1. Within region 185-235, restricting attention to residues that are among the hydroxyl-bearing types (Ser, Thr, Tyr) and under 16 Å from the mean Cα position of the chain (by Cα), which residue is modelled with the highest pLDDT?
2. Report every pair of residues separated by at least 6 positions or lying on different chains whose Cβ atoms are under 7 Å apart, first residue within region 45-74 and on the phi < 0 side of the Ramachandran plot and assigned to a loop (DSSP other than H, G, I, E, B), second open to solvent by 60 Å² or more (accessible area, probe 1.4 Å) and among the aromatic types (Phe, Trp, Tyr).
3. State which residue pairs qualify: first residue more than 20 Å from Met55 (Cβ to Cβ) and of a type in the set (Gly, Ala, Ser) and inside region 12-41, second residue at pLDDT below 95 and not in a helix (DSSP H, G or I) in any location, beta carbons under 7 Å apart, and separation of 6 or more residues or different chains.
4. In this structure, does Gln114 turn out to be open to solvent by 40 Å² or more (accessible area, probe 1.4 Å) and either aliphatic (A, V, I, L, M) or modelled with pLDDT of 85 or more (or both)?
5. Conditions first: (1) open to solvent by 30 Å² or more (accessible area, probe 1.4 Å); (2) in contact (Cβ under 8 Å) with a residue 24 or more places away in the chain; (3) in contact with a Ser or Thr (Cβ under 6 Å, 6 or more places away or on another chain). Val179 passes all but one, so which condition is the exception?
6. Are there any pairs with C-beta distances below 6 angstrom linking a residue in region 159-170 that is in contact (Cβ under 8 Å) with a residue 24 or more places away in the chain to a residue that is open to solvent by 40 Å² or more (accessible area, probe 1.4 Å) and assigned to a loop (DSSP other than H, G, I, E, B), with the two at least 6 apart or on different chains, and if so which?
7. Determine whether Val152 is open to solvent by less than 30 Å² (accessible area, probe 1.4 Å), within 23 Å of Ala96 (Cα to Cα), in contact (Cβ under 8 Å) with a residue 40 or more places away in the chain and assigned to a helix (DSSP H, G or I).
8. Condition (residue is at pLDDT 85 or above, of a type in the set (A, V, I, L, M), closer than 25 Å to Tyr186 by Cα and surrounded by fewer than 23 Cβ atoms within 10 Å (Cβ to Cβ)) applied to region 68-77: is it met by at least one residue?
Amino acid sequence: MSQHILLIEDDLSIAEMLLKALTKEGYNLTTAYDGEEGLIAFERHTYDLVLVDLMMPKVDGMEVIRQIRTRSAVPILIMSAKDSDVDKALGLGFGADDYVAKPFSMLEMTARIQSAIRRSTTYARLQQQEEQPQAQVLTYGNLRIDFDHFTVIRDENEIQLTAKESDILKLFASNPNRVFTKAQLYGFIWKDDYMGDENVINVHIRRLREKIEEDPSHPVHIKTLWGIGYKWENS
């Protein structure tokens, strides 16, 4: 069965180009031309990936991502002509998995779609293979980290984590004082070759710090080793 992609893009020429190219690659596409139409389409079918533009009429891409994330963990790939760190950070912070800046090549787009779907299906398969999952709870000072429920208790306040944030935190907290390069992090968490795009990693680290650190600007747990990577300290 071909993988089903929901394409939400108001630029007709780009939508048509993607529809033709991705259909040729063997994907089944449903196309929506504004955010409102996209959300309606999302409710009607099950998709393997959502490809969404940021700047759209009626409902913008950020709101589309936010609403989808309240009900689904489907991979979401952002595409937009607004190529700035702020836009990327905001988009990924809402729960998108990756970002492609316009103009893009179909080679890059296809590779990112394949990677996002592969990561998602691999994660789902591993979850199904866990017949008797063991409780995974770690405590560090004022932090109580529950990986089974993707939550952190900090000073008796419950904090919700995304799946990626939980994966990063579990890797760090389970390996205190071990230094992870960005290439290693990408390999462990995204299960893919690191292509040098630091933004995805930086955004997830920043969002995680905002949730678990008392002062994200001066973290005591997730330490940056400039030019090398990150490590977890049991402060």
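1. As a first pass, look at region 185-235 and keep what is among the hydroxyl-bearing types (Ser, Thr, Tyr): 186, 194, 217, 224, 230, 235.
In the following step, the residues that additionally are under 16 Å from the mean Cα position of the chain (by Cα) were identified as 186, 194.
On the way: Tyr186: 83, Tyr194: 66.
Among them, the one singled out is Tyr186.
2. none
3. Once the first residue is more than 20 Å from Met55 (Cβ to Cβ) and of a type in the set (Gly, Ala, Ser) and sits in region 12-41, its partners that are at pLDDT below 95 and not in a helix (DSSP H, G or I) give Gly26/Ser2.
4. Values: open to solvent by 40 Å² or more (accessible area, probe 1.4 Å): yes; either aliphatic (A, V, I, L, M) or modelled with pLDDT of 85 or more (or both): yes.
So Gln114 passes the test.
5. Exception for Val179: condition (3).
6. From residues that are in contact (Cβ under 8 Å) with a residue 24 or more places away in the chain, the pairs are Leu161/Phe150.
7. Details: open to solvent by less than 30 Å² (accessible area, probe 1.4 Å): yes; within 23 Å of Ala96 (Cα to Cα): yes; in contact (Cβ under 8 Å) with a residue 40 or more places away in the chain: yes; assigned to a helix (DSSP H, G or I): no.
Answer is no for this residue.
8. In the first step, residues of region 68-77 are kept if they are at pLDDT 85 or above; the result is 68, 74-77.
Cutting the leftovers down to of a type in the set (A, V, I, L, M) gives us 68, 74, 76-77.
Narrowing the set further to residues that are closer than 25 Å to Tyr186 by Cα leaves 68, 74, 76-77.
Then keep just the ones that are surrounded by fewer than 23 Cβ atoms within 10 Å (Cβ to Cβ); that gives 74, 77.
Yes, region 68-77 contains a residue that is at pLDDT 85 or above, of a type in the set (A, V, I, L, M), closer than 25 Å to Tyr186 by Cα and surrounded by fewer than 23 Cβ atoms within 10 Å (Cβ to Cβ).
The values are calculated or read from the model by the stated rules, or taken from the named source; none is laboratory data. All values derive from a computational prediction rather than experimental measurement. Neighbour counts are summed over all protein chains in view; Cβ atoms, including those assigned to glycine, are modelled from backbone coordinates with ideal geometry. Keep in mind that these areas ignore ligands, DNA and RNA; they rest on the heavy atoms of the full protein, side chains included. Shrake-Rupley method; radii C 1.70, N 1.55, O 1.52, S 1.80 Å.
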